[in-house]
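Heads up: the structure comes next, in structure tokens.
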Amino acid sequence: AQSVTQLGSHVSVSEGALVLLRCNYSSSVPPYLFWYVQYPNQGLQLLLKYTSAATLVKGINGFEAEFKKSETSFHLTKPSAHMSDAAEYFCAVSSVYGQNFVFGPGTRLSVLP
Amino acid sequence: AAGVIQSPRHLIKEKRETATLKCYPIPRHDTVYWYQQGPGQDPQFLISFYEKMQSDKGSIPDRFSAQQFSDYHSELNMSSLELGDSALYFCASSQDREGTDTQYFGPGTRLTVL
């Protein structure tokens, strides 16, 4: 069984500040990990993914995430927040054996001017 | 690049009616997934198909059924609709041969049950 937790349902940062969105997973098999972003009234857009290659993964829009097996974490970061980053962010886990995604509860990111 | 297409984008139905949602995967993708996202909730997996066969089943109510056709598009059929079925329904597709199971999501169909 797999599960995902995201600490903080709502995170607010100032424009230009560091963005840190936390994701911890539980998986009995080697995981694949993903971050998706959802803008209001839109679908889910893939930001980045970890699939057992490099542990530091770079995605679109300046986001990156680091897979830490010892901490079972896959936190999402961006050095400098932009107003356009305001959205809902979902962490998701799959597995190397090809299963459906299990999503975390999501974190709403607000960017303050 | 081509993306996942879902139709309709919005649908309004009354209780006890039926609804059919359609999903057209990215070309050459052979796996389709359906998710339900309630208001303020995370997406919940409903069902998936690989090469036109059901490959996995999640929290899909018995009132719902789905299938994947020879052209790989999929339809989610919902009967005896209830108020609680109001949600955003996402379809995603992946190319199983890719080996990473990255799922690419469509824009969703917003179903409102009155």
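A 19 angstrom limit on the alpha carbon distance is what I want to check against. Which of B:13/B:52; A:49/A:78; A:49/B:22 exceed it?
Table pairs above 19 Å Cα-Cα are B:13/B:52; A:49/B:22.
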What's the magnitude of the charge dipole for the protein assembly as shown around its Cα centre, counting Lys and Arg as +1 and Asp and Glu as -1 at the beta-carbon? Answer in Debye, nearest 20. 120
Could you list the trypsin sites (Lys or Arg not before Pro) in the stretch B:1-100 that lie in coil according to DSSP, counting only those with at most 16 other Cβ atoms within 10 Å of their Cβ? B:9, B:15, B:16, B:28, B:52, B:63
Arranged by the count of other C-beta atoms within 10 angstrom, fewest first, what order do B:23, B:91 take? B:23, B:91
Least to most buried among A:10, B:73 (fewest other Cβ within 10 Å first): A:10, B:73
Would you be so kind as to identify which of B:45, B:111, B:59 lies farthest towards the positive end of the dipole of chain B, taking Lys and Arg as +1 and Asp and Glu as -1 on Cβ and the Cα centre as origin? B:111
In this structure, the FRET efficiency calculated for residue A:108 and residue B:65 from their beta-carbon separation, with R0 = 45 Å, to the nearest 0.05, is 0.85
GluC sites (Glu not before Pro) restricted to the stretch B:37-114 and DSSP loop, no more than 10 other C-beta within 10 Å: B:51
Would you tell me the mean number of C-beta atoms belonging to other protein chains that fall within 10 Å of each C-beta in A:40-50, as a whole number? 4
Give, rounded to the nearest 20 debye, the magnitude of the charge dipole that the stretch A:10-113 has about its Cα centre when Lys and Arg contribute +1 at Cβ and Asp and Glu contribute -1 at Cβ. 180
So which chymotrypsin sites (Phe, Trp or Tyr not before Pro) in the stretch B:1-79 pass both tests, a DSSP loop state and at most 12 other Cβ atoms within 10 Å of the Cβ? B:69
When B:18, B:112 are ordered from fewest to most other Cβ atoms inside 10 Å of their Cβ, what list results? B:18, B:112
Values of log10 I(q)/I(0), in the order q = 0.13, 0.15, 0.18 Å⁻¹, for the protein assembly as shown under a Debye, Cα-only, solvent-free model: -0.76, -0.99, -1.33
Charge sum, other residues only, whose C-beta stays under 15 Å from residue A:16's C-beta, Lys/Arg counted +1 and Asp/Glu -1: -1
Once you charge only the Cβ atoms, +1 for Lys and Arg and -1 for Asp and Glu, what is the size of the charge dipole of the stretch B:30-112 about its Cα centre, to the nearest 20 debye? 180
Within the stretch B:18-43, which residues have the backbone N less than 19 Å from the label spot 7 Å out from residue B:57 along Cα→beta-carbon, could you tell me? B:32-36
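Read-outs throughout are calculated quantities, based only on the coordinates presented, and are distinct from any laboratory measurement. Note that the coordinates shown come from a computational prediction; the quantities given were computed from them, not determined experimentally. Every residue, glycine as well, gets a Cβ built from its backbone with ideal geometry; the counts of neighbours run over all protein chains shown.
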